[in-house]
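Presented below is the structure to which this report refers.
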Amino acid sequence: MTNLLFILLVCLVFIVISSKAAGGEPSILGYQLKTVLSGSMEPNMKTGSIILVESVKGTANFKQGDVITFKTKENILITHRIMKVENNGQRYITKGDNNNEPDVEPVLAQNIVGKYSGFTVPYAGYVLHFLNTKLGAVLLLIVPGLFFLGHAFFVIHRALRMIETPKKWTTEEK
């Protein structure tokens, strides 16, 4: 049990550190977890869901119908579907599935950060979004740490009781 708690604590520390190094979003084996913050892609991606996005290095070939995550001029991440490919894959016209019109600005290939993998966990993004705040990161480290300390005190107390019990028994026999 102690080993399991220790491994959990180490894993949580690793997640927090890698999350901060990746700009707030955890990255595992070339995939990033992103939180859906709007309803523009509903019903396929519900607001508050977590989606798995495959990171893109350099220029990749995307086609009409692919769902991509890209940065806007304001450095905001958006995940929308490609409606049209222009300039041999250098520009893309995108649209949210729940939006009536395509996005105003075309997406340049160098602004694409990833491609949606098709994996979604509904509503779990609210938790991930909270864990990426300062308070969430602190709780992610403190709560398991307190469980670890509590378990350690329990094990020490039990070991001390086992040591004291045989002494009482042997003195009563005499």
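Read-outs throughout are calculated quantities, based only on the coordinates presented, and are distinct from any laboratory measurement. The structure displayed is predicted, hence computed values, not measured ones. Because the Cβ atoms are built from the backbone with ideal geometry, glycine has one as well, and the counts that use them run over all protein chains shown.
Quick notes
- Ranked by how many other beta carbons lie within 10 Å on average, peptides 42-51, 100-109, 74-83 from highest: 42-51, 74-83, 100-109
- Segment 25-131: proportion of alpha-carbon pairs further apart than 25 angstrom, %: 14 percent
- Local net charge near Gln110, Cβ-Cβ under 11 Å (Lys/Arg +1, Asp/Glu -1): +2
- Local electrostatic count, Asn99, Cβ distance below 14 Å [Lys/Arg +1, Asp/Glu -1]: -3
- Near Ser40: Cβ cut-off under 9 Å, other residues only, Lys/Arg at +1 and Asp/Glu at -1. The net charge is -1.
- Charged-residue dipole, Cβ positions (Lys, Arg, Asp, Glu), segment 25-131 about Cα centre, Debye nearest 20: 200 debye
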